[in-house]
Structures are given as structure tokens and as C-alpha cells.
Amino acid sequence: MRPMPSPTAPLAHAARIRRHAIVLGLLTAIGPFAIDMYLPALPAIGRSLGAAPDAVQASLMAFFLALGAGQLLVGPLSDMLGRRRPMLAGLGLFIAASIGCALAPNIELLIALRFVQGLGACACMVTPRAIVRDLYVGPDAAHLMSLGLTVYSVSPIVAPLFGSLVADAAGWRSVFAVIAVLAVAGVATVLWLLPETRPAAARRQSGLRSALAGYAVLLRDRQFLAVACMASLALSTFFVYVANSSFVMSTHFGVTPRSYALLFALNAVALVAVSQLNGRLVARFGLRRLLRMAVSVQAVVMVALLGLTVAGVDRLDVLVGLLVIGYGCNGVIVPAAFVLGMERHPALAGTASALIGTFNFVGGAVMVALVAPFADGTPLPMLAGIAACAAGALALARFGLAR
């Protein structure tokens, strides 16, 4: 006689998913925390180290570049070596670089250490997604991804405010010391709460040659490239804001670091709110149609904001309000791009995810570098870069995304 299932089994399963979501979400948030926590202190870093704004922004570009490019290597390594070892090695590198950033005597060394810090952080960006695939499939995997995204999205809401409080109390160097402590907590989390999820037999079947072959397949797929570049441009609108907004808010609008952190958090709140509606919107409009709609709305809003600024409308409430609407669209664009990119190559889902992640951060670094020479503390150069990225994403949606 078949035993009756325990009535507590569904509850235990749901609790296990929630526990994994919290653990993986917190590990994934370490990298974004290293971005968002020090944003309010960017002007103070420039004054302390005698560096121009574009040099300070280079420390952000270096982190983006390492965070993106490193995923191409860490993804295959986690298949070959298991999930825990790359994460522990990455966290160790991240901690050492964070301590170095806190002690950096000049902007050149800070930029170099931020690059090393990004290489360490990328292990906690790509590996948790692989752990989800190891543990769950189907609806459970989708549910875990959504819960993890919710935990991960706490970073841009909480981190800037927390960073401004730390910097006000103990200076900008203390921000990197706190980031190092958070990474130490990440090491403890991996050691005590996250067992190895990649079986030894599966590791023996993985190799760098197969990973390179997968990347070659994806890079020959024009549809995949269109979706990946679309996501990269949409996120680059936000990365350009991240790199420039603290200078614009403080020098042009006279906003305090704490108020800036609160204004910055509004964009993340909008993104999280829209992402929670994703399921209903996809059911009603379909994924491709919804993606085109979101890209179109974002482009119209960002180009309109640029036009208003050129016309002389120089108001903080207009700037913040329209940016919140535009960045809310990323709550649709980014998840849809990942889904469309991976659905064309189900056997290469992990490789596709890592490659899209690389496009996102490397593209953001490139756009920040292009805007940096024109930055003068006013909103116009920042908004021109944002509008250009949004318009590029719209062009790809209209002409590069097959119906």
C-alpha cells in the first residue's frame, strides 16, 4: 500500500524554497551593495583624493567591467569545480580588495582595486543562478528566481541610504570596511548554510572547451544578440545615472547625500513594483509584445526628459518623476530579455544567462566611459547618454526582435 503523503510536506517544501531564496538573494546582493553603498560618497572621494569626477567614475566603470567579463569564466569554472569553491575564492578576493579600497592613497590604486573587487563579486552573481538550476525545475525554479530577485532588489533601496549614514559618521573609507564585513558574512553563509549542489559526476562532464563552443553558438545567433544588446542598453540607462547622478544632485541641485539616497531608492522601488506585475502582464500581452511596449515607453520618457531639459525645464521633481517611470520599465525589459535569450537555447541556458549578464555590465561600463568626458555637473550630458541608450534599445526592439 502506497504511504500517504505527509500534510506537512508542502509546507516544508515551501519553507525550503524561501530559505534558499534568502541565502542566494543575499549572496547575489553583495556585488550590487558594493556599487550602491558608495554612490553617495563619490563627491567626497573626489575631494579626498584630489580626483576629477571622470576619474572617480572610472572606479565604477572598472567594477562594472570586471563584474561583467568575469562571469564568462566563473560560469564554466562553477560547472567544473562545483558551486562552493568559486564562490569562496571570489569572496576572499572581494574581501582583500575591499580592505585595499578602504586604504587606497590615490585614485589610480582605488580604480585598480575596484576592478579586482568586481572580479571577486562576479562569482556571487552567476553561481547562485546555477544553484537554482541544480536544485529546482519548472514552477519551483521560477518561484525561487522571483523570490531571490525580491531579496536582491533590496540593495538599491537600502544600500545608498546605509552608505550615506556610514560615510557621514566615519568617512567614505569606512564604507569599504563595512562592505568587507558583509562579504565575511557571505563566507559564513556559504560555509554553514549552502551545501555543494553540483554532483561530482556532472563536474567531470564539464570543461572550458564545451563552454567556448556554447558561447560561439550564441554569438552567431542574431536574435540572441538583439535581445542581449537590448537588455544591455536598457540597463545602461541606469548605469549612466548611477555614475553621474550623485554629482548632478549635489552640485547642480544642492541635494544632500542622505536625500540623494532616498531619491535613488525611488527608482529601485519602481523597478520592484513593476517586476511584481510581470506575470499578469505577460499573460495578457505576450512576452515579445510586452517587451516592445516596455522598451517603447522607456524610450519615449527618456527622450522627452532630454527634450524638456534642452528646452530649459530644469526642475528636480520633473527629473526624478520621469526617471522613476523610465527605470520602472526595466522591471519588464530585463527579465523578458533573459527569458527570450535562454528559451532559444535551452541546452545552453546557463551559458546564455552568463553571456547576457556580461553584456549588461560591460555595456554599462562602455556607456559610462562614453558619457564621462562630457560630464560637467549638469543634468544634460547624463540625460543625453540615457536617452541615447533608450533609443538604441527601441531600435533593436523594432528591427532586431523577430515577431
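Mind checking which helices (runs of 4 or more DSSP H) fall wholly inside the range 119-182 and carry at least 3 residues that are under 20 Å from the mean Cα position of the chain (by Cα) and at pLDDT 75 or above? Walk me through how you get there before you give the answer.
On the way: elements: 123-135, 138-152, 154-170.
The qualifying helices (runs of 4 or more DSSP H) are 123-135, 154-170.
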Note to self: Just to verify a result, which residue in the range 230-258, among those that are of a type outside the set (F, W, Y) and out of contact with any helix residue (DSSP H, G or I) (no Cβ under 6 Å at 6 or more places or on another chain), is nearest to L394 (Cα to Cα)?
What the structure shows: V242
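Table: residues versus (1) modelled with pLDDT under 85; (2) under 22 Å from the mean Cα position of the chain (by Cα); (3) under 20 Å from Y260 (Cα atoms).
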site	(1), (2), (3)
V303	no, no, no
V310	no, no, no
L323	no, yes, yes
A336	yes, yes, no
V339	yes, yes, no
V366	no, yes, no
A390	no, yes, no
A397	no, yes, no
Next item on the list: Could you identify the single residue in A201, A185, A213 that is within 29 Å of L266 (Cα to Cα) and part of a helix (DSSP H, G or I)?
Entry: A185
Next item on the list: Starting from residues that are in contact with a Gly (Cβ under 7 Å, 6 or more places away or on another chain) and under 15 Å from P128 (Cα atoms), keep the ones in the range 341-351 and report whichever is modelled with the lowest pLDDT.
Entry: G350
Next item on the list: Evaluate the range 231-238: report whether one residue or more is surrounded by 23 or more Cβ atoms within 10 Å (Cβ to Cβ), farther than 17 Å from G326 by Cβ and in contact (Cβ under 8 Å) with a residue 40 or more places away in the chain.
Entry: no
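Residues checked against (1) touching a residue at least 12 places away in the same chain (Cβ under 8 Å); (2) among the hydroxyl-bearing types (S, T, Y); (3) touching a Leu at 6+ places or on another chain (Cβ under 6 Å):
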| position | (1), (2), (3) |
| --- | --- |
| V23 | yes, no, yes |
| T28 | yes, yes, no |
| A34 | yes, no, no |
| M37 | yes, no, no |
Notebook entry, point to check: How about the range 66-100: which of its residues are crowded, with 24+ Cβ neighbours inside 10 Å, touching a Lys or Arg at 6+ places or on another chain (Cβ under 8 Å) and over 11 Å from L119 (Cα atoms)?
Noted result: S78
Note to self: Among the residues in the range 97-114, are any assigned to a helix (DSSP H, G or I), modelled with pLDDT under 95 and either in contact with a Cys (Cβ under 9 Å, 6 or more places away or on another chain) or polar (S, T, N, Q) (or both)?
What the structure shows: no
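Which ones in the range 268-317 are basic (K, R) and under 28 Å from V339 (Cβ atoms)?
As a first pass, look at the range 268-317 and keep what is basic (K, R): 280, 284, 288-289, 292, 315.
Matches in the range 268-317: R280, R284, R288, R289, R292.
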Next item on the list: Identify, by number, the condition in (1) β-branched (V, I, T); (2) surrounded by fewer than 24 Cβ atoms within 10 Å (Cβ to Cβ); (3) in a helix (DSSP H, G or I) that V313 doesn't meet.
Entry: (3)
Next item on the list: Tell me which residues, restricted to the range 352-387, are assigned to a helix (DSSP H, G or I) and over 30 Å from L73 (Cβ atoms).
Entry: P373, F374, P379, L380, P381, M382, L383, A384, I386, A387
Checklist line | Test result for G307, out of contact with any helix residue (DSSP H, G or I) (no Cβ under 7 Å at 6 or more places or on another chain), closer than 19 Å to G392 by Cβ and either assigned to a helix (DSSP H, G or I) or aliphatic (A, V, I, L, M) (or both) | finding: yes
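Would you mind stating whether G92 is touching a residue at least 40 places away in the same chain (Cβ under 8 Å), in the same structural domain as A29 (by TED's automatic domain parsing) and within 13 Å of S59 (Cα to Cα)?
Taking the combined requirement at face value, the residue does not satisfy it.
The values are calculated or read from the model by the stated rules, or taken from the named source; none is laboratory data. Because the structure is predicted, anything quoted here is derived from the model rather than measured. Note: ideal-geometry Cβ built from the backbone for every residue, glycine included; neighbour counts use all protein chains shown.
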